[in-house]
Amino acid sequence: MQRMLTFIKELFSPPPSAPPMTPAELKDAFRKRYRNFRALLTANNNALQAMAELEKIYYSGESYRMAVIRSKTTTILVNVYKMISSLLEMSGGRYKDLEVIFEKISHEIEKIIEKKPSFSQGPFILPLAEVGEKDRAQVGEKMANLGEIVRVPGCVVPQGFVITASATRHFLTADHIAEINRRLQLLDPDDLDGLLRTCAEIRKDILDIPMPPDLEELLHVHYARLEMVSRPGCWLAVRSSALGEDAAGVSFAGLYRTILNVDGDGLVAAYKEIIASKYGARAIAYRRKRGYRHEDIEMCVGCLVMVDALTSGVTYSRDPSEEESEVVRINALSGIAKGVVDGTRTTDLYLVSRETPHAVVYREIRQGQGKASDQCADSSLTYGQIRKLAEMALRLEGHFGKPQDMEWSFDHQGALTILQSRPMLISQPQNAQEEAAPSSRAENGEQPILFGGICASTGIACGTVFRVNAASEMPDVPMGAVLVLEHPLPEWAPLLSRAAAVIAESGSEAGHLATVSREFAIPALFSLAGAMDLLADGETITVNASARSVYLGCRQDLLTQRAVRKDIMAGSPVQRILTEALQYITPLNLNDPNAPQFKSSWCETLHDITRFCHEKSVYEMFNFGREYKFDQGAAKRLVGEVPLEWWVVDLADGFRAGADAQGQTIRIEDIVSVPMLAIWQGISAFPWEGPPRVSVRGFGSIIFQSTMRPELDPAVASALTTRNYFLVSKNFCNLSVRLGYHYAMIEAYISDLLTESYVTFRFKGGAADMKRKAVRARLLAEILQTFEFRVELRSDSLLARVKKRPTEFLERRLKILGYLILHARQLDMVMNMPNAVERYKEKFLTDIEKMLS
């Protein structure tokens, strides 16, 4: 109760006495406060807009870069600081602790955004046989997995060694990396031509860096050891094994270099090429798409003895198009596995039961297809090899605890060697309407223009055809295009960020581009013969990869069946950074301005600070008319057909140009203040009918109140005998009213910018007892709530607000307030009479509706 009395006392008590201000001083004070108010509201709008954009990209599921996070965060920080500065100017430094709170929050955000990954130091080279899961930070996911496979019974991997991340930091120093990052930060993310050019320059610079002598010597030492256990002059496959590569859900498939048939003399050059491939266009485009910074990735290099392969391929321990499938999927071809993963060769396909004895339930041999039979004529694999591959894939799935994507080779002696195993990527789940089974039937009576091929990534998409024949054409690919390729090479990976779908004349679901397409949830249809000839550039088509069909035109009936795309940024370092930063930016803890906790000391986020600053800035503007006294000689009396006496003070541009500046009077026709004119229309809409008839008891109440309040003695100068003042500018109005025994104040600012616009109404007092004064205040509150005011009512004290609404809406509310301050006079005297409240409520609503119409 004491807190409520204090609030009411502060709300309606006049401010401490201050010397009256001259007209010039009053205008300067108003302009200064208003200038800060406008600056604060503009900054508030900018900060909230940037917060909304930051949240939008976070929840969109689309990719975003650190550059965007830094830009938006900087915008927010700059504008929040502007809000604090403006509020301190408006309040005379009353909220100084906001600067300390802001500094603390901004420091925490900076720590999150600028935090760099920490890398452990270790040996420059590790033998593959000694590598395991514990060494991921030194050798990368790919080589750590391969070393781990050595521990799985019955599994054989190539002999070799790994050049670690510590060696890379020894070769590529901090100065080298800083210069590379500087050049990459200057790139326009949409300038593919610039990206290709810059990547070529970076590659050349890396190849020109001298190899540290100690590292070069170690390379030759370990190569010599391989020669001893393998054969002199053995050939190596030099493969990337970047940190994060082959991790669950993030494959980096085919984005870095692999160099085959490397001997001792070519080892240093091959190593540099692998290191440089971290900064290849396809790798950079992928990292941007998946939410990885350049500093999150360190390149390690595996050097493995080549397998003399008779047959190679890729095996999935489950069908990648269906997570709960009960088949093992095997893609195989003769020779090395390169033709499988780069999509240049057609593979044999085998679907094998996961249950022992692993029967082949379906196979496609080269271009033919058929059901399982007792013979495997022309098959690249024997039944024994098929079963062995199924067993091995399931064994690795059991060891790693999740479905596996396994690359392998059989040598000429029939021995199986595992070349790679990584978590399998599952295609995005299909809607029930998406047709996964092969079918050439027409959709809604329309035949597909192309049918068949291999569904490398499920989904449905529409776009314009763009045939890509050479790397020089890559910058010309428009956003939303359907890429049509001869071969689904990994080199085309940078285009996936622009593609709606991919069609290729060769390849399979085992290729690197197929893997990345599944990651990005981009429909991909491979091995579709004749696509390059039959599809014309610029032609609009719809690709239903799930049904292996291509239709002419944009088929909305099919597009409605698309599944919702997964969040491509999920779990990425950039998303984790934004998640942490948002905790200091967007949560709003200060909701209720009347709560005891609505203090600057309770601000925990930037959003809290904006909320607090905005609320207090409005309070400071609302208080302008009450805070400043002015020389009454600055006021002009309003003359003409006007009820009662009104005085107007022009703060800035509130009078018509040419109005008599020296005169003591002003006519309503010379007023150009938008909010004052709206209030005046309400005041003058209907004549006041005079005070209501008062009962003897009501008249006695007036006498009693007069004896209790000396200021009502007509012989004493009092606030009730002072004038009713409008303080105006073109868009601002503050009206202080003393009509009889009650006090009212209207303040408004009307602008085309919604965040600046507000209307506030305060009402208190009367000559009757407190009960009847409270009833009148409640009557006004109910009427204002009908017209969408936000109302706070405490006994006979009423505060009503509306803000951030269009100009026309606010002008109509000001008309309502103008009407009420005139016609609610002395109503408190009859608020104890039967039916009086409902009668006046009905009359007021009727008049207001008539006035507004």
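The values are calculated or read from the model by the stated rules, or taken from the named source; none is laboratory data. Owing to the predicted nature of the structure, the values given are computational and were not obtained by experimental measurement. Glycine also receives a Cβ, built like all others from the backbone with ideal geometry; neighbour counts cover every protein chain displayed. In case anyone asks, the SASA skips ligands and DNA or RNA and just uses the protein heavy atoms, side chains included. Shrake-Rupley method; radii C 1.70, N 1.55, O 1.52, S 1.80 Å.
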>> Charges on Cβ only, +1 for Lys and Arg, -1 for Asp and Glu, centred on the Cα centroid of the stretch 442-528; of His487, Ile454, Gly511, which one is farthest towards the dipole's positive end?
In response: Gly511
>> Students often get this wrong, so check it: of Lys815/Lys850; Lys27/Lys636; Lys134/Lys388; Lys27/Lys803; Lys204/Lys272, which have C-alpha atoms separated by over 18 Å?
In response: Lys134/Lys388; Lys27/Lys803
> Around Gly654, with a cut-off of 13 angstrom between Cβ atoms, what is the net charge of the other residues, counting Lys and Arg +1 and Asp and Glu -1?
Replying inline: +2
>> Among DSSP bridges having both ends in the stretch 432-559, what percentage is antiparallel? Round to the nearest 5.
In response: 55 percent
>> Quick one: 3J(HN,Hα) in Hz for the stretch 751-759, Karplus 6.51/-1.76/1.60 with θ = phi - 60°, rounded, Gly and Pro as x.
In response: 9, 5, 8, 4, 5, 8, 8, 7, 9
> Quick one: putting +1 on the C-beta of Lys and Arg, -1 on the C-beta of Asp and Glu, what dipole do you get for the stretch 72-158 around its Cα centre, in Debye to the nearest 20?
Replying inline: 140 debye
> If we sort 167-180, 206-219, 34-47 on the protection proxy, mean other Cβ atoms within 10 Å, highest first, what's the order?
Replying inline: 34-47, 167-180, 206-219
> By a straight-distance test (C-alpha under 17 Å), which lysines pair with Lys96 as possible cross-link partners, with residues fewer than eight away in the same chain excluded?
Replying inline: Lys82, Lys104, Lys599, Lys616
> Quick one, what does Rg over Rh come out to for the stretch 432-559 if you take C-alpha atoms and the Kirkwood Rh?
Replying inline: 0.93
> Rounded to the nearest 10 Å², what accessible area does Asp188 show when all protein chains are kept and the probe is 1.4 Å?
Replying inline: 80 Å²
> How much net charge surrounds Asn45 when only other residues with a Cβ under 12 Å from its Cβ are counted (Lys, Arg +1; Asp, Glu -1)?
Replying inline: +2
> What figure in square angstrom, to the nearest 10, would you give for the accessible area of Tyr619 with a 1.4 Å probe?
Replying inline: 90 Å²
>> At 1.4 Å probe size, what's the solvent-accessible area of Asp557? Round to the nearest 10 Å².
In response: 50 Å²
>> Give me the dipole magnitude in Debye, nearest 20, for the stretch 770-853 about the Cα centre, with unit charges on the beta carbon: positive for Lys and Arg, negative for Asp and Glu.
In response: 260 debye
>> Projecting each Cα onto the charge dipole of the stretch 118-306 (Lys/Arg +1, Asp/Glu -1 at the beta carbon, about the Cα centre), which of Ile206, Pro153, Leu172 comes out farthest on the positive side?
In response: Pro153
>> Which residue, Ala144, Ala224, Cys300, has the largest displacement toward the positive end of the dipole of the stretch 118-306 when charges sit on each Cβ (Lys, Arg +1; Asp, Glu -1)?
In response: Ala144
> Ranked highest first by the average count of other Cβ atoms within 10 Å around their residues, in what order do 227-238, 265-276 fall?
Replying inline: 265-276, 227-238
> How far apart, in nm, are the 7 Å Cα→Cβ label points at Ser230 and Asp557?
Replying inline: 5.8 nm
> What is the dipole size for the stretch 432-559, taken about its Cα centre, with +1 at each Lys and Arg Cβ and -1 at each Asp and Glu Cβ, in debye to the nearest 20?
Replying inline: 180 debye
> Just how many % of Cα pairs in the stretch 638-683 lie over 15 Å apart, if you round to the nearest whole percent?
Replying inline: 39 percent
